[in-house]
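Here's the structure we're looking at; comments come further down.
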Amino acid sequence: MPFAAHLLRPLRPLSLLLCLLSLTPAARCAQESLSQVVEKLRADAGLPALGGALLRVGQPAEIVVCGTRKRGTETPVTAADAWHLGSDTKAMTAVLVAQLVERKLLRWDSSLGELFPDLSERLPPAVRGITVDQLLHHRSGLPANLSWWGYENDKPLPERRRQVLAALAKVRLAFAPGSGFSYSNLG
């Protein structure tokens with residue numbers, strides 16, 4: 001599968017539009033201002049508010065927000081408001097993984113067992129065989145969430161993630177990896 005197809009498959013439509021906007025800002029903004037583009041995306045998606053940023057090398061960031069803080073109210077949203085990002089980091093993760101694949105430091109079919117050989121023997125064979133591609137496309141069979149409660153919060157985040165990975169030895173998969181779809185924050 002071409003690089004761009006792997007990169008874009010995990011993204012939701014709105015995230016995809018915002019990513020495409022960020023990939024081609026000059027062409028898009030030559031025709032419309034960033035505020036016009038963000039407002040059109042907000043209206044088309046039926047969102048109460050939407051924000052966007054345009055980053056150019058050597059220039060200050062252009063940040064635009066539009067809409068209201070709460071659907072059905074008149075209080076305008078501001079850039080200083082707390083914004084719920086939801087699963088936006090999934091798109092960022094997909095980009096970073098795609099860059100590693102492009103540099104041949106990772107493969108789409110790299111398995112958890114290959115990536116974490118020191119934990120591999122503790123993982124059930126099905127979990128050990130879950131691939132990067134299956135994780136990114138919610139086709140791993142992993143549950144939607146795993147509580148971070150009880151993990152040593154004083155440890156650095158990479159170590160806590162390794163603890164979570166080790167906990168997968170006790171997780172029951174919803175289906176055999178690659179045979180279904182289930183949205184998974186854990187993935």
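What follows is calculated from the coordinates using simple rules that are stated; it is not laboratory data. If you're wondering where the values come from, they're calculated on a predicted model, not measured in any experiment.
Descriptive notes on the structure:
- The stretch between Arg160 and Ser179, if pulled fully straight at 0.36 nm per residue, gains 4.0 nm over its current Cα-Cα span.
- Length-normalised contact order of the range 32-122 in % [C-alpha pairs under 8 Å, at least 6 apart]: 16 percent
- Cross-link reach list, lysines versus Lys104, counting only Cα pairs under 27 Å and skipping chain neighbours closer than eight places: Lys90
- In this structure the amide hydrogen of Thr68, modeled in the peptide plane, comes within under 5 Å of the amide hydrogens of Ala49, Val77, none closer than 5 places in sequence on its chain.
- Convex hull per residue volume in Å³, alpha carbons only, for the range 51-181: 188 Å³
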